[in-house]
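> Okay, here's the structure, questions in a sec.
The values are calculated or read from the model by the stated rules, or taken from the named source; none is laboratory data. Please read all numbers here as calculations on a predicted model, not as lab measurements. Using ideal geometry, Cβ is built from the backbone for each residue, glycine included, and neighbour counts are taken over all protein chains shown.
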Ligand SMILES: *Cc1c(COP(=O)(O)O)cnc(C)c1O
């Protein structure tokens, strides 16, 4: 199994006449370069959960996710690296053929349990899994320990240089970590990739160490979680062409699109220095038809 390469993380300053014209500096923190499958923030979010599991002598980690979940495959890999057993509780009936993501998870030694959508919604853990040896991690790593891990992400860049930090949001765990790690005069803006997920604000607030301000944008979901259209695909290809940075259609593609659009709409004041957190997620692109993306 390929090692995690934290030394590969870079902060790439983008050269783009459009940003220059607006007098905005844009950099990307490349957490996508840590590993081809274990995407950026997932490892960070898992770190302290796994430490606690080991401390408590739990031998098995169980968690939840969908068929293309970055969190599921990252958990499988992280458990393998730490000599722990892993169980994935997967949304929906067992398919005839597993997704590439679930095949990878299985290869990393994860045992898969399929849960119908109704039970999944209630996060009903099958009795066969729940035992004394089992440590349960919430879906997407949501929780204080996840946020605590995510707050170490900014140690991989010169964080004081930036006026704005932008990230994509699923559960909001990473965003909470970033807000906790940022200073009062930095603005953290999160782009929600779910449609109308207005519980987010409360969910993020409950993970904060202090009463900090942050911004949420709900307008760049492209129809909802993992939904996309031609405009998004065209943009992802164009962004790759311009900046040589690959992105995924569930999170980072929508994030880059949003930041560019917000700059066009003069959301950021002239002179802003923006840091975009690229969390990878590229493995999820394997669910798209071949040839749609140019990388
Ligand atoms: C999981 C993920 C996110 C969102 O992280 P949350 O902490 O759940 O908000 C963003 N980008 C990518 C690529 C991800 O895999």
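Every residue, every condition in (1) farther than 30 Å from residue 87 by Cβ; (2) surrounded by fewer than 18 Cβ atoms within 10 Å (Cβ to Cβ); (3) within 12 Å of the ligand (Cβ to nearest atom); (4) more than 15 Å from the chain's Cα centre (by Cα), yes or no:
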| position | (1), (2), (3), (4) |
| --- | --- |
| 132 | no, yes, no, yes |
| 147 | no, no, yes, no |
| 168 | no, no, yes, no |
| 214 | yes, no, no, yes |
| 225 | no, yes, yes, no |
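Okay, residues lined up against (1) modelled with pLDDT under 95; (2) assigned by TED's automatic domain parsing to the domain that holds residue 172:
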position: 13; (1), (2): no, yes
position: 28; (1), (2): no, yes
position: 36; (1), (2): yes, yes
position: 55; (1), (2): no, no
position: 64; (1), (2): no, no
position: 67; (1), (2): no, no
position: 73; (1), (2): no, no
position: 76; (1), (2): no, no
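> How about the range 239-293: which of its residues are in a helix (DSSP H, G or I), away from the ligand (no atom under 11 Å from the Cβ) and more than 25 Å from residue 218 (Cβ to Cβ)?
Once the filter is applied, which keeps residues that are in a helix (DSSP H, G or I), away from the ligand (no atom under 11 Å from the Cβ) and more than 25 Å from residue 218 (Cβ to Cβ), the range 239-293 yields 240, 241, 242, 243, 286.
> Same structure again: Please go through the range 191-202 and give me each residue that is assigned to a loop (DSSP other than H, G, I, E, B) and within 17 Å of the chain's Cα centre (by Cα), ordered by number.
193, 194, 195, 197
> Just checking, does the range 204-217 include any residue being touching a strand residue (DSSP E or B) at 6+ places or on another chain (Cβ under 6 Å) and in contact (Cβ under 8 Å) with a residue 40 or more places away in the chain?
Yes, that holds for at least one residue.
> What number of residues within the range 18-50 are away from the ligand (no atom under 14 Å from the Cβ) and either part of a strand (DSSP E or B) or over 20 Å from the mean Cα position of the chain (by Cα) (or both)?
The qualifying residues number 10.
> Identify all residues within the range 105-126 that are touching a strand residue (DSSP E or B) at 6+ places or on another chain (Cβ under 9 Å) and under 16 Å from residue 77 (Cα atoms); write none if there are none.
Residues satisfying the conditions are 105, 106, 108, 109, 110, 111, 112.
> Read through the list (1) assigned to a loop (DSSP other than H, G, I, E, B); (2) on the phi > 0 side of the Ramachandran plot, then give the number of the only condition that residue 140 fails.
Unmet condition: (1).
> Would you point out the residue of the range 51-60, among those that are part of a helix (DSSP H, G or I) and in contact (Cβ under 8 Å) with a residue 60 or more places away in the chain, that is farthest from residue 129 (Cα to Cα)?
52
> Any residue that is outside any loop (DSSP other than H, G, I, E, B), surrounded by fewer than 19 Cβ atoms within 10 Å (Cβ to Cβ) and modelled with pLDDT under 95 - is there at least one of those in the range 97-117?
yes
> Residues being in contact with a strand residue (DSSP E or B) (Cβ under 7 Å, 6 or more places away or on another chain) and either assigned to a strand (DSSP E or B) or surrounded by 22 or more Cβ atoms within 10 Å (Cβ to Cβ) (or both): count how many of those fall in the range 61-96. Walk me through it before giving the result.
Going through the range 61-96, the residues in contact with a strand residue (DSSP E or B) (Cβ under 7 Å, 6 or more places away or on another chain) turn out to be 61-67, 71-72, 75-76, 79, 84-94.
Next cut, either assigned to a strand (DSSP E or B) or surrounded by 22 or more Cβ atoms within 10 Å (Cβ to Cβ) (or both) only: 61-65, 71-72, 75-76, 79, 85-91.
Total meeting the criteria: 17.
> How many residues does the range 172-190 contain that are near the ligand (Cβ under 8 Å from one of its atoms) and either surrounded by fewer than 24 Cβ atoms within 10 Å (Cβ to Cβ) or assigned to a loop (DSSP other than H, G, I, E, B) (or both)?
Adding up the residues that qualify gives 1.
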